[in-house]
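Undergrad: Let me give you the structure first, and then I'll get to my questions.
What follows draws every value from the coordinates through simple rules; no lab data is involved. Just so we're clear, the structure is a prediction, and the values are computed from it rather than from any experiment. Cβ coordinates were reconstructed from backbone atoms using ideal geometry, including for glycine residues, and neighbour counts include every protein chain displayed.
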Amino acid sequence: MNPSTQSRPCQPQAAGLALALPSALQRASHTGLEGSSPSLPLIQALQQAWPALAGKEEALLALAAEGRSHRIRQRGCLFRDGAVNLEGSLWLLVRGKLSMGRRDAKGIWRQSRALLGGQWIDLVTAWSQADFPETALALSPVLAHEIPAKTVLGLCRTQPALLAALLDSLSRSACEAMESHQALATQDFPSRLAEWLLHELMLQGQGDCLTLSQFKRDLAAQLGVTPETLSRTLRQFHEQGLIVMKHSQLRFPDPARLAALSQRQASAPMS
């Protein structure tokens, strides 16, 4: 079964990306994907993925002018796990929603993470033309963009800001992988769930509200527990006043309490 999304935000969401671009970038772009000029959505997505490029108009335009874009229908695959990144490309999600994961031996989809527009899909496999470790499954119509790593390196020679942004992203990716591995080994599940909720609230929340945009079974697989354990822990959080839960909508009346719980180690008993 393919994953799906539920879209019931706590409050209306602003249309498009809330990024103000300099007039020079707007004049250099257009809404289509064809032609010699990069599209405005692509430039916005690059700026969101690499905030350090804000104000670096020349670097943004040079990067956006390279590579090619791909449109994927809902429930389609951008690429599959095990396929080789032959082009050696970096992959950026321009708009839409992607579920990253794999199917287990029984054919059940196991999601590891969900991505929104303005996030890098894959920055790692390009450098060694390795296999994609996960399938990129579209939860909605998707626009993605691939840029050959060799081209990016070439641009880095004349655009130092690009090199700094690239190294920062690769470093963050490595640190997040290590932190995730360590959390699985040292933290109990309530602590990991509290940490995950706060991270999602920071990235995708609106005020003190967060809408879960994936099935609980997919989120449970991502966090390494059963759906029953996830539901039980969310219910405990609700009963303790850490969250107010109504279907897929969560409200956080006191994020500081949740943050304190996220720092607790596995040896500490849950109150």
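Undergrad: Just want the answer: with Cβ charges of +1 for Lys and Arg and -1 for Asp and Glu, which residue in Ala138, Thr158, Trp120 is farthest toward the dipole's positive end in segment 90-159?
TA: About the Cα centre, the residue reaching furthest to the positive side is Ala138.
Undergrad: Just the number: Rg to Rh for segment 42-93, Cα atoms, Kirkwood Rh, two decimals.
TA: Values: Rg = 13.4 Å, Rh = 12.9 Å.
Rg/Rh: 1.03.
Undergrad: Another question about this same structure. May I ask you to give the average projected area over all directions of the convex hull of the Cα atoms of segment 23-172, in nm² rounded to one decimal?
TA: Details: hull surface 35.1 nm².
Mean orientational projected area (segment 23-172, Cα hull): 8.8 nm².
Undergrad: For segment 120-244, what relative contact order do you get, as a whole percent, if you take Cα pairs closer than 8 Å and at least 6 residues apart?
TA: 12 percent
Undergrad: Label Val84 and His247 with points 7 Å out from Cα along Cα→Cβ: what is the distance between them in nm?
TA: Result for the modelled spin labels: 4.8 nm.
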